[in-house]
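First up is the structure itself, then whatever we jot down about it.
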């Protein structure tokens, strides 16, 4: 059950982050990872998708 609470908190945080960026008309900064430059939006969205898939996997694993 703690995983669901962690996911809910993370989801609300990501949603709030994107809403604030949109409301204020801001653009996320580019960050350097090695020689590549990646936009922070892509990093946050990827982390959200990965965590979502992990939670779905854990919840379906627990049922079977």
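Taking into account only those residues within the range 41-52 that are free of Cβ contacts under 8 Å to residues at least 40 places away in the same chain and surrounded by 11 or more Cβ atoms within 10 Å (Cβ to Cβ), which is nearest to the chain's Cα centre (by Cα)?
48
What is the number of the single condition among (1) loosely packed, with under 10 Cβ neighbours inside 10 Å; (2) modelled with pLDDT under 90 that residue 32 does not meet?
Of (1) loosely packed, with under 10 Cβ neighbours inside 10 Å; (2) modelled with pLDDT under 90, only one is false for residue 32: (2).
Mind checking which pairs have a first residue in the range 1-29 that is at positive phi and a second that is modelled with pLDDT of 90 or more, Cβ under 6 Å, 6 or more apart or different chains?
Listed pairs, sorted by first residue: none to list.
Select from the range 1-29 the residues that are out of contact with any helix residue (DSSP H, G or I) (no Cβ under 9 Å at 6 or more places or on another chain) and not in a helix (DSSP H, G or I) and write down the one among them that is modelled with the highest pLDDT.
Top of the filtered list is 25.
Residues 55, 38: which one is surrounded by 11 or more Cβ atoms within 10 Å (Cβ to Cβ) and either touching a helix residue (DSSP H, G or I) at 6+ places or on another chain (Cβ under 7 Å) or in contact (Cβ under 8 Å) with a residue 12 or more places away in the chain (or both)?
55
The values are calculated or read from the model by the stated rules, or taken from the named source; none is laboratory data. Keep in mind that this is a model prediction, so the values were computed, not measured. So basically every Cβ, Gly included, is an ideal-geometry build from the backbone, and we count neighbours across all protein chains shown.
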